[in-house]
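Participant: Dropping a structure here in structure tokens format, bear with me for questions.
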């Protein structure tokens, strides 16, 4: 039986896989957030019936359509970041860290003023901790030191 050749390719830390799974979970949650307001407004049954705005404000239908559109943009951006992250691009690490921080702040504000989304908060906390692991930072070129004596 022939033996497998060892690959010279360096294995990425398990945290990269954990982050990728968390991004996919966030994508699925965003998909739900796209469809839920549209189902609530019966857009799929009745179509867009009625005005989207009244004066300078939005109607409930307009607000739900805007909410769904914003979650659609977030979902597509998440896929874009996931592809860059799996290809180990430095910009994806930076963008994901900024996005996670902003999302955590928004989630904390939502916790105090409206309905919290604990699944999104948990995914963001996992991503934030995993992005700060030394091996992940070295893999993406964020941290340059090769020894741990500079702690």
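Participant: Can you give me the angle between helix 90-113 and the longest principal axis of the chain, using Cα atoms only, in degrees from 0 to 90, rounded to the nearest 10?
Facilitator: The angle comes out at about 40 degrees.
Participant: Where is the GNM fluctuation largest for the chain (alpha-carbon springs, 10 angstrom cutoff): 130, 20, 77?
Facilitator: Comparing 130, 20, 77 in a Gaussian network model of the chain, the most mobile one is 77.
Participant: How high is the FRET efficiency between residue 36 and residue 129 when r is their beta carbon distance and R₀ equals 22 Å, given to the nearest 0.05?
Facilitator: Details: r = 29 Å, r/R0 = 1.30.
Once rounded, the FRET efficiency stands at 0.15.
Participant: Still on this structure, I have one more. Quick check: from the Cα gyration tensor, does the chain come out rounded (a/c under 1.5), prolate or oblate? Mind showing how you got there, number by number?
Facilitator: Details: a/c = 3.16, a/b = 2.09, b/c = 1.52.
Prolate, since a/c reaches 1.5 and a/b exceeds b/c.
Participant: Run lengths n ≥ 4 of DSSP H only: what is the helix-derived mean residue ellipticity at 222 nm for the chain, with -39500 (n - 2.57) per run over all residues, to the nearest 500?
Facilitator: Working: 6 runs with 102 residues, N = 151.
Per the formula, -22500 deg cm²/dmol.
Participant: Once you have the Cα-Cα distance between residue 113 and residue 138, take 0.36 nm times their residue separation minus that, and quote the gain in nm to one decimal.
Facilitator: Numbers: separation 25, 0.36 × 25 = 9.00 nm, distance 3.84 nm.
Here the answer is 5.2 nm.
Participant: Here is a further query. Mind telling me which of 29, 58, 86 comes out most flexible in a GNM of the chain, alpha-carbon contacts under 10 Å?
Facilitator: 58
Participant: Given springs between every Cα pair under 10 Å in a Gaussian network model of the chain, which of 109, 136, 81 has the largest fluctuation?
Facilitator: Largest GNM mean-square fluctuation: 109.
Values quoted throughout were computed directly from the atomic coordinates according to the rules given, and no laboratory measurement underlies them. Quick caveat, the model's predicted, so the values are computed rather than measured. Cβ atoms come from the backbone with ideal geometry, glycine included; neighbour counts cover every protein chain shown.
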